[in-house]
Amino acid sequence: MSLLTVGTVAFDDIETPFGRAENVVGGACTYIALAASYFVRGIRVVAVVGGDFPKKELKYLEKRGVDLEGLQIKKNEKSFFWAGRYHDDMNGRDTLVTDLNVLADFDPILPETYRHSEYIMLGNLTPAVQLRVLDQLLSKPKLVVLDTMNFWMDNALEDLKKVLKRVDVITINDEEARQLSGERSLLKAAKIIHTMGPKYIVIKKGEHGAILFGEDQVFYAPALLLPQVTDPTGAGDTFAGGFVGYLCKTGDVSMNGMKKAIVFGSAMASFCVERFSTEGLKNLKSRDISVRVRQFAQMVKF
């Protein structure tokens, strides 16, 4: 099974009530690829970085089985940079700096070997870029998953609607679901979003877990209760990476397969938030993930 993901590979400055991490590795594509690498090898990355991005981090991705043929490196430019400060409750945050740098004119070019990928994870990027990726595919994927945000609903809604017609699964948070659908009820919101194209809708509720809508069924998975959440940055992307990585591994894209993928994605996100940047996703063992999944099962078993 082949998995292709498009998104950002970047630098972050992060401040939370538990500390600060400066100029650390971030980006949607980074988190997605790392999380998915625990389920499938040869993950194909389409992204862009500047010459300032550390080679050791790229080598670590390759060590995890990530294929970087589709990563553009612009040696004389700077990588995308984001800085943010989280509120005391860790649910809200303020964006302090957004420097697009190499991302400003990013044109995703799929190598020939990528164009028959079976699983596609469209990380949070301009809908026009997501469309450009889909247009370069030479065969119909088995599954296309889309992550997006309210910024694109405000500024690129028509392009977003075009992408939605071509995806199987969308992952968004509860407020974004309400904005996209115009409905306050998440059940009604999911039904409206379903008419836009996606067969399955995953609505993320942060510390309260995630809800899956599809095939006239609803499935809820709680978030794992942790002693401390250090850094929520990348949790949603990590969830998406674990989710699509598990689906790629099993090949089961039915509602039952999606339910299991939700739990595995949530388990991966629980590792992510325990440490700053991508550190919580490094050097995990299969047993670590299995233990977390069993904890989820115990939470909802009755």
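The values are calculated or read from the model by the stated rules, or taken from the named source; none is laboratory data. What you are looking at is a predicted structure, and each value in this text was computed from that prediction instead of being measured. Cβ atoms come from the backbone with ideal geometry, glycine included; neighbour counts cover every protein chain shown.
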Exercise for the section: Report, by residue number, each residue of segment 107-133 that is assigned to a helix (DSSP H, G or I), in contact with a Leu (Cβ under 8 Å, 6 or more places away or on another chain) and either free of Cβ contacts under 8 Å to residues at least 60 places away in the same chain or surrounded by fewer than 16 Cβ atoms within 10 Å (Cβ to Cβ) (or both). Expected result: Pro127
Practice task
Among residues belonging to segment 8-40 that are part of a loop (DSSP other than H, G, I, E, B) and within 17 Å of the chain's Cα centre (by Cα), point out the one that is surrounded by the fewest Cβ atoms within 10 Å (Cβ to Cβ).
Solution key: Val40
Practice task
Determine which member of the set Val97, Val46, Val102 is buried (at least 24 other Cβ atoms within 10 Å of the Cβ) and assigned to a strand (DSSP E or B).
Solution key: Val46
Exercise for the section: Would you please list the contacts, defined by Cβ atoms under 9 Å and residues six or more apart or on different chains, that run from a residue in segment 56-82 that is closer than 13 Å to Gly42 by Cβ to a residue that is basic (Lys, Arg) and buried (at least 16 other Cβ atoms within 10 Å of the Cβ)? Expected result: Val66/Arg44; Asp67/Arg44; Leu68/Arg44; Glu69/Arg44; Gly70/Arg44
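Residues checked against (1) charged (D, E, K, R); (2) at pLDDT below 95; (3) under 15 Å from the mean Cα position of the chain (by Cα); (4) on the phi > 0 side of the Ramachandran plot:
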residue	(1), (2), (3), (4)
Lys199	yes, no, no, no
Ala221	no, yes, no, no
Leu225	no, yes, no, no
Ala240	no, no, yes, no
Leu247	no, no, yes, no
Exercise for the section: Please name all residue pairs, on different chains or six or more residues apart, with Cβ atoms under 7 Å, provided the first residue is in segment 10-25 and is under 20 Å from Glu57 (Cβ atoms) and modelled with pLDDT of 95 or more and the second residue is in a strand (DSSP E or B) and among the polar types (S, T, N, Q). Expected result: Phe11/Asn23; Asp13/Asn23
Exercise for the section: Answer with yes or no whether Glu77 is in contact with a strand residue (DSSP E or B) (Cβ under 7 Å, 6 or more places away or on another chain) and surrounded by 15 or more Cβ atoms within 10 Å (Cβ to Cβ). Expected result: yes
Problem - Test result for Leu110, within 24 Å of Phe81 (Cα to Cα) and among the hydrophobic types (A, V, I, L, M, F, W, C) - result: yes
Handout entry: Where Arg184 falls short, out of the listed (1) part of a loop (DSSP other than H, G, I, E, B); (2) within 19 Å of the chain's Cα centre (by Cα)
Key = (2)
Completion exercise
When Pro227 is run through (1) out of contact with any strand residue (DSSP E or B) (no Cβ under 7 Å at 6 or more places or on another chain); (2) within 22 Å of Ile14 (Cβ to Cβ); (3) crowded, with 24+ Cβ neighbours inside 10 Å, the failure sits at (3)
Fill in the blank from the handout: Filtering segment 276-297 down to residues that are surrounded by fewer than 15 Cβ atoms within 10 Å (Cβ to Cβ) and not in a helix (DSSP H, G or I) yields Lys282, Asn283, Lys285
